[in-house]
1. Can you name the condition, by its number, that residue 109 falls short on among (1) in contact with a Phe, Trp or Tyr (Cβ under 8 Å, 6 or more places away or on another chain); (2) touching a residue at least 60 places away in the same chain (Cβ under 8 Å)?
2. With within 23 Å of residue 219 (Cα to Cα) and not in a strand (DSSP E or B) as the only criterion, which of 43, 56 stands out?
3. Report, by residue number, each residue of the range 1-56 that is of a type in the set (A, V, I, L, M), closer than 30 Å to residue 215 by Cβ and surrounded by fewer than 17 Cβ atoms within 10 Å (Cβ to Cβ).
4. May I ask you to list the residues in the range 213-247 that are out of contact with any Leu (no Cβ under 9 Å at 6 or more places or on another chain), crowded, with 17+ Cβ neighbours inside 10 Å and not aromatic (Phe, Trp, Tyr)?
5. Would you confirm whether any residue within the range 218-225 is basic (Lys, Arg), touching a residue at least 12 places away in the same chain (Cβ under 8 Å) and not in a helix (DSSP H, G or I)?
6. Taking the stated definitions as given, is residue 102 out of contact with any Lys or Arg (no Cβ under 9 Å at 6 or more places or on another chain), surrounded by 17 or more Cβ atoms within 10 Å (Cβ to Cβ) and not polar (S, T, N, Q)?
7. Which of the residues belonging to the range 84-99 are crowded, with 18+ Cβ neighbours inside 10 Å and without any contact (Cβ under 8 Å) to a residue 40 or more places away in the chain?
8. So which residues in the range 137-176 are at positive phi and aromatic (Phe, Trp, Tyr)?
Amino acid sequence: MALLEVRNLSKYFPVRAGLFSRVSGMLRAVDGVDLSLAEGKTLGLVGESGCGKSTLGRSILRLIEPTGGSIRFEGEDMMALEGAALREKRRRMQIIFQDPYASLNPRMRVGDIIGEGLEIHGLASGTKKRDVVMEMLHKVGLRDEHFYRYPHEFSGGQRQRIGIARALVFRPSLIIADEPVSALDVSIQAQILNLLFDLQREMNLAFVFISHDLRVVEHVSHRVAIMYLGKIVEIADAETIYREPQHPYTRALLSAVPVVDPSRKKTRVVLQGDVPSPLNPPPGCSFHPRCPDAIAECSRITPDLLAGARGHAVACHVHGPGAVQMGHAH
């Protein structure tokens, strides 16, 4: 059974305009997303800035209320939970934020930042809270004396370790990691990624790892989902995505990743135009205005995310599993 099951999840933001702030349109930040995640595994979520990755992560946690769809976590319907029941379930799903500078309260000591949730939920206080926090500090590679310091006394990598400790203090089974290394130096990124790896093995953690860096995602993910303008356009295990990308958008993203070996030549796929506005997405496939392989159907019919061999799902009229039936074998 999957730890997390997301079906047809949507989040629309009303856009208001005019003298009386009437709703003039809907911004489709997340638009009908299906995902599943097994215990102890990592799902990489990749896409350009503004494609809805972070909104999807926060919607799964119900930090932002979804507009529609269903979220099942540990067998329970998250959309049906309210009040104390929702708070209790939330302990099992936590978030690591992108910016370790902005996500820590500068007026609080590190011990209080990490242990604050334990007191709010009535799980530990006093000496017991201090013991739990010390254990988490050690788990993330920090020392006892760091308990009494303030966030400004730490480097960026150390602050992100504090953020990780805060997420782990409830011993969750799922963590939404929202670009957890993008604000860090490359040398520090590797340390934090290795730490997350070790913690995943030790605590059987499942991650939804949100990033726009395909190299990072390749190293940490078991499965990878590619997101474009609020929709998942391709999803498969990590090796398949990187070796056999099907969707033209995935191919374009991978072609932009720098190659370390200068003797290896890559064919760069250069996309034309900008990402369309989620306020007014194009009809049919939202990628078709920029797609080098677009056909007539692409501008009229929205492609379904169809699964082919080995669970490799692609939403594409030309390269997807449904392409042959439509008479467009690639």
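1. It is condition (2) that residue 109 fails.
2. Values: 43 fails: not in a strand (DSSP E or B).
It is 56.
3. 2, 38
4. First, pick out the residues of the range 213-247 that are out of contact with any Leu (no Cβ under 9 Å at 6 or more places or on another chain): 213, 215, 218, 228-229, 236-240, 243-244, 246-247.
Those left that are additionally crowded, with 17+ Cβ neighbours inside 10 Å: 218, 228-229, 236, 238, 240, 246-247.
Of everything in the range 213-247, those that are out of contact with any Leu (no Cβ under 9 Å at 6 or more places or on another chain), crowded, with 17+ Cβ neighbours inside 10 Å and not aromatic (Phe, Trp, Tyr) turn out to be 218, 229, 236, 238, 240, 246, 247.
5. Narrowing the range 218-225 to residues basic (Lys, Arg): 223.
When the remaining residues are screened for being touching a residue at least 12 places away in the same chain (Cβ under 8 Å), the result is 223.
If we keep only those that are not in a helix (DSSP H, G or I) too, we end up with 223.
Yes, there is a match, as at least one residue in the range 218-225 is basic (Lys, Arg), touching a residue at least 12 places away in the same chain (Cβ under 8 Å) and not in a helix (DSSP H, G or I).
6. On the way: out of contact with any Lys or Arg (no Cβ under 9 Å at 6 or more places or on another chain): yes; surrounded by 17 or more Cβ atoms within 10 Å (Cβ to Cβ): no; not polar (S, T, N, Q): yes.
Here the answer is no, as residue 102 does not meet what is asked.
7. Answer for the range 84-99, where residues must be crowded, with 18+ Cβ neighbours inside 10 Å and without any contact (Cβ under 8 Å) to a residue 40 or more places away in the chain: just 90.
8. Result: no residue meets the conditions.
Each value in this text was obtained by applying a stated rule to the coordinates, not by laboratory testing. Owing to the predicted nature of the structure, the values given are computational and were not obtained by experimental measurement. Reconstructed Cβ throughout: ideal geometry from the backbone, glycine too, with neighbour counts over all protein chains shown.
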